[in-house]
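Q: Can you keep this structure in mind? I'll have questions shortly.
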Amino acid sequence: MRVPGGGYLFFGAMALLFGAVAVTYGRRLATVLRTVRHGVRVPGECARVVTHSDTDAREHFFRFRTAEDGREVEFRDLAPWTTGTGDPVTVTYDPADPERTATIAGRGAGWAPVRQAAVLTVGCGLAALLSGTLMVLIGGE
């Protein structure tokens, strides 16, 4: 069954979805790069790794103590697959907002969060552009 204008709806929704993901990871990438350049570095560790059984995706959670007041902060970040629970890491964060800016990226810590966020930003941005182009070219057919 053909739905009139269904191509516009499908490709438009795909462009919005990929665009939203690209913007989200682009903003995170900008925050991480700013934090790596100007943030405070402290030792931390991988608190836990959650593997989702339906997709095999892994989420890495890290924890550290702030240098200013010793408060424990836990955060999620992109990390290499080889990172496991209890592994030591170097955490960089902005003291004004440690919960939102903490990252394991940087000198001595590895660049996986930067590489992964950059790939997601560029890949999803290109997918949004392609979806938008297809919506315009063949959406009404």
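Q: Go through (1) touching a Ser or Thr at 6+ places or on another chain (Cβ under 6 Å); (2) aliphatic (A, V, I, L, M); (3) closer than 18 Å to D94 by Cα one by one and return the number of the condition V49 breaks.
A: (3)
Q: Looking only at region 62-85, count how many residues are under 15 Å from E99 (Cα atoms) and surrounded by fewer than 16 Cβ atoms within 10 Å (Cβ to Cβ).
A: 9
Q: Here is a further query. If we scan region 119-127, do we find a residue that is open to solvent by 70 Å² or more (accessible area, probe 1.4 Å) and over 16 Å from L29 (Cβ atoms)?
A: no
Q: Can you tell me which residue in region 34-59 is modelled with the lowest pLDDT, limited to those that are within 19 Å of the chain's Cα centre (by Cα) and under 15 Å from R100 (Cα atoms)?
A: Only one residue fits best here, namely V36.
Q: In addition: Yes or no: region 8-30 includes at least one residue that is open to solvent by 40 Å² or more (accessible area, probe 1.4 Å) and in contact with a His (Cβ under 9 Å, 6 or more places away or on another chain).
A: No - not one qualifying residue is present in region 8-30.
Q: Also, I was wondering about something else. Scan region 87-121 for residues that are over 16 Å from R34 (Cβ atoms) and more than 12 Å from the chain's Cα centre (by Cα) and jot them down.
A: Passing the criteria: D87, P88, V89, T90, G108, G110.
Q: Please list, ordered by residue number, the strands (runs of 3 or more DSSP E) wholly in region 1-118 having 2 or more residues that are in contact (Cβ under 8 Å) with a residue 60 or more places away in the chain.
A: Here the list reads 40-51.
Q: Considering every residue within region 87-94, establish whether at least one is open to solvent by 40 Å² or more (accessible area, probe 1.4 Å) and within 30 Å of A15 (Cα to Cα).
A: No: region 87-94 contains no residue that is open to solvent by 40 Å² or more (accessible area, probe 1.4 Å) and within 30 Å of A15 (Cα to Cα).
The values are calculated or read from the model by the stated rules, or taken from the named source; none is laboratory data. Predicted model, so just to flag it, every value in this text is computed and none were measured. Glycine also receives a Cβ, built like all others from the backbone with ideal geometry; neighbour counts cover every protein chain displayed. Surface areas here come from the heavy atoms of the whole protein model, side chains and all, with no ligands, DNA or RNA. Shrake-Rupley method; radii C 1.70, N 1.55, O 1.52, S 1.80 Å.
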